[in-house]
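Input: a single structure, listed below in C-alpha cells.
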C-alpha cells in the first residue's frame, strides 16, 4: 500500500489571558484539509470550566468518534460488497478512560453500539456478526489503538 498522509492544523492563542497560573482558555480550533474548522477544547472532565469550552469537541470524544466512524465506513463498504443495502446506521459509542498498571490515564476500552437498518432482505444475525467482525478487522483506527475496541449489542 502506498503511504497516505493526513494533516490537521491546530490553532490556539492566549488572547492576553494569564498563563503561568494555568488560568487560560483551552479553547482552540482544528482545521482540516477539506476546509472545515472545528471548535475544540480540553474536556471539562480534565480542565474545569471556564478554562475549557463545554460545547467544543475534545480530543477524547474525537478519538471515540473517529473509531466509531472508521468502523461504520468499513461496515458500509463490506455490506455493499456483499449485496446488503443499508438504510441507516447509528452508533452510541463511548470510551472509558482510567489509570493503567503504570498509573497513566489511558483509554482502556472503546465500545461501539451500532444500530443498522437494512433494506429487506437484510443479513442473518450470523452474517451481521461477521460483517461487524470484518469491519473491526479492517478499521485503521481500531488497528492502531492499544485499548480494546468492542462492538456490542448491534441487533
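Structure data summary
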item: Rounded tilt (10° steps) of 59-81 against the dominant C-alpha axis of the chain; result: 20
item: Taking the chain and dividing mean pair separation by its residue count, relative contact order in percent (alpha carbons under 8 Å, at least six apart); result: 17
item: Sites residue 99 and residue 124, calculated FRET efficiency, Cβ-Cβ separation with R0 41 Å, nearest 0.05; result: 0.50
item: Between 0 and 90°, nearest 10: helix 125-138 axis offset from the chain longest Cα axis; result: 40
item: Packing-based exposure ordering (other Cβ within 10 Å, fewest first) of 12, 30; result: 12, 30
item: Proxy reagent accessibility, fewest Cβ within 10 Å first, across 7, 2; result: 2, 7
item: Order of 112, 131, 49, 145 - criterion: other Cβ atoms within 10 Å of each residue's Cβ, fewest first; result: 49, 145, 131, 112
item: Stokes-Einstein diffusion coefficient of the chain, Kirkwood radius over Cα pairs, 37 °C, 0.692 mPa s, in µm²/s; result: 183
item: Debye-sum result for the range 1-57 in log10 I(q)/I(0), which assumes one identical scatterer on each alpha carbon, at q = 0.31 Å⁻¹; result: -1.21
item: Largest-first principal axis extents, alpha carbons of the range 59-151, Å; result: 49, 19, 19
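Since every read-out is calculated from the coordinates, none of them should be taken as a lab result. Since the structure is predicted, the reported quantities are computational estimates derived from the model, not experimental observations. Heads up, the Cβs are rebuilt from the backbone with ideal geometry, glycines too, and the neighbour counts pull from every protein chain shown.
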